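Contents: one structure, followed by commentary.
The values are calculated or read from the model by the stated rules, or taken from the named source; none is laboratory data. Since the structure is predicted, the reported quantities are computational estimates derived from the model, not experimental observations. Counting neighbours? That spans all protein chains shown, and the Cβs are built from the backbone with ideal geometry, glycine included.
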Amino acid sequence: MFPFENELRRERHRLIETLDGLTDEEFSSGPTLCAGWAPRDVLAHVVGLDDMRTYARFGGRINAANEAMVRQARDQPRARLITAAAGWADRPSLTSRVGAAVLLGDLSVHHRDIVRGLGRTRVVPEPVAAAIFREGLQLSLWLNRRVLRHRIVPTDGGRPIGRGRPVRGTRESLGLWLCGRDAVVSELEFG
């Protein structure tokens, strides 16, 4: 058993539970915090992460690989996607099990993309909040460098990180903002 492997499986099942609760229209064309992606597209992306060969085929061009995963799944019926996702949730690939600590953050952010994009709420378990926060800290270095310009102050646990203009909020909100989800700005307090 690898670190975070069980929590990765639990969050995968929580995502499927969220998706099961959507109408067909919401599933196929509902808004998410991922620009241009509906919930079905987000699902295709996170399921596709179990097969790293897609990224190898695209020579490490992450965006092109992600779009290929989404495009391939767009013609599949919802039932087939959900059935495939159930197997994905129960039996993560070896690479996903080994990388569960990192993949839990990505999965958790994308789950929030769906929930928040549709204007819904869902309890964020402690390990998920921590994973979203870690994901935000890591991605911010690559995406927008917010972590380098701010003192990140979680209000629900964890230590402040960085220097600069303080920004306060929950680990979930801070992590999403650091990942570039500006829809959460109203939940943050800037000093």
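Assessment of segment 166-185 against the conditions (free of Cβ contacts under 8 Å to residues at least 12 places away in the same chain, within 20 Å of the chain's Cα centre (by Cα), outside the structural domain of Pro31 (by TED's automatic domain parsing) and surrounded by fewer than 17 Cβ atoms within 10 Å (Cβ to Cβ)) yields at least one matching residue. For segment 153-164, the condition of being crowded, with 17+ Cβ neighbours inside 10 Å and polar (S, T, N, Q) holds for none of the residues. Total residues in segment 79-100 satisfying the condition of being out of contact with any Lys or Arg (no Cβ under 7 Å at 6 or more places or on another chain) and over 14 Å from Asn6 (Cα atoms): the figure is 9.
Scan segment 141-191 for residues that are within 15 Å of Gly105 (Cα to Cα) and of a type in the set (Asp, Glu) and jot them down. Across segment 141-191, the qualifying residue is only Glu172.
Among the residues making up segment 101-137, those that are closer than 19 Å to Phe2 by Cα and more than 13 Å from the chain's Cα centre (by Cα) are Glu126, Pro127.
Among residues of segment 107-131 being among the small types (Gly, Ala, Ser) and touching a residue at least 12 places away in the same chain (Cβ under 8 Å), the one that is nearest to Asp50 (Cα to Cα) is Ser108.
Listed by position, the helices (runs of 4 or more DSSP H) inside segment 1-51 whose residues that are free of Cβ contacts under 8 Å to residues at least 40 places away in the same chain and surrounded by 15 or more Cβ atoms within 10 Å (Cβ to Cβ) number at least 3 are 39-48. Can you tell me which residues in segment 59-77 are of a type outside the set (Gly, Ala, Ser) and surrounded by 15 or more Cβ atoms within 10 Å (Cβ to Cβ)? Correct list: Asn66, Glu67, Met69, Val70.
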